[in-house]
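Everything below concerns the one structure shown next.
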Amino acid sequence: MSEQLIVPDQLPDWVPGRVTVRSPDEGWHGVSVRGYRYTGLDVHVPAMRDYMIVAYRRGGTAMTRKLDGDWSHAALGPGDVSLLTRASDSHWIWPNDIEVVHVYLTQDELATTCRQVYQREVADVELHDVLKADDPAIHRTAMMIAVEAAHGAVGSRLLVESLTCQLAVHILRRHAHVHFKETRSGEGLTPAQLRVVDEYLSANLTSEVSLRSLAATVGLSRHHFARQFRAATGSSVHEYVLERRLERARILLRRTRVPLRDVAAQCGFADQSHMTRVFRQRLRTTPARFRLDS
C-alpha cells in the first residue's frame, strides 16, 4: 500500500494564502521554501512528504494545533517557530492575520545528515511535537533561506546548502527523535497484536483515533508501535486508518441511503468535504458519484 503524502506545492489546496516568496523553479537539493500571508483560518493539513519548519515573520495570533489526536495551544508572533514532522496529518486554527516562512526539509536530507552526525544507519527521523519553539537559531536560518529565495545572487546555491546543513544538524540535536535500524530479526507486530488493533479500530472508527491510543492497545510506545506496525503491514498507521475509513464509507454508500454528511461522521472523517477530498485523491471520484455508480 503506497502512502499518499502531499508536497509543498500542494499545501495551498488545504491552506489558502498569498505567496510572498518561493524557491527557484530549478529547485535546491533537499530543501525548499515558501512564504505566505494568511488570514485567520481553521484548516486540516494532510500528511506531508517533508518535514516542515514554520517561522513567524509578522503578526501575532493565538494558535491551536492537533497532532496525533492531541491539541496544543500557544501565542505566536515574530521570532517564533513551529515544527511539524513528516507523514503526520494535523489541524491548525488561528484567528488573526499572520505572515510566515515555511522551510521544508526532505526525508533524505535529514536522514543523510543524521548518518553523518551519528555514523549509524537511520530507519527514521521524527521531529518533536513543537508548536512554539524558543529557538532563535532556527528562525534566523529560515529567514536567511527565504532571503536567498527572493534575492539570490552569485553563490546562492552554495550558501543555501550550507544553511540547510546547519539547520538539519541543529534540529537533530534539539528537536528530533532518531530511530536507528535494528539488526535483529522478527520485527513487526504479531498476528494477535494486529487483531487487537483491528478490533479497536472497528469499535472506534467513528471517533478520533490517535497513534497513542492505538499503541496503548498492545502496550507499546508511540514510536515503537509505529515502527512495528509498518514492519508488519508495509503501511504507516495514518495510511492504514484512512484506508479503513474509506472501506467503511464505500460499504455505507453501496448499501444504504444515509446522507453523505452522516456517512462521513460514521466513518470518522473530519467532515463531508474531508471525505470528498479522500475519495478524489484515492478513487478519482466523489462519494455522490460513487454511490450512483455502485
Scanning the range 175-193 for residues that are modelled with pLDDT under 90 and aliphatic (A, V, I, L, M), which turns out nearest to ASP134 (Cα to Cα)? VAL178
Residues located in the range 237-247, provided they are touching a Ser or Thr at 6+ places or on another chain (Cβ under 9 Å) and not aromatic (Phe, Trp, Tyr): HIS238, GLU239, GLU243, ARG244
Entirely in the range 136-250, the helices (runs of 4 or more DSSP H) that have 2 or more residues that are more than 30 Å from THR113 (Cα to Cα) and hydrophobic (A, V, I, L, M, F, W, C): 191-204, 211-217
I'm checking my understanding of the structure. Among residues of the range 244-270 that are closer than 14 Å to PRO46 by Cβ and not aliphatic (A, V, I, L, M), which one is surrounded by the most Cβ atoms within 10 Å (Cβ to Cβ)? PHE269
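The values are calculated or read from the model by the stated rules, or taken from the named source; none is laboratory data. Only a predicted model underlies this, so the values are computations on that prediction, with no experimental measurement involved. Note that we place each Cβ from the backbone using ideal geometry, even for glycine, and neighbour counts take in every protein chain shown.
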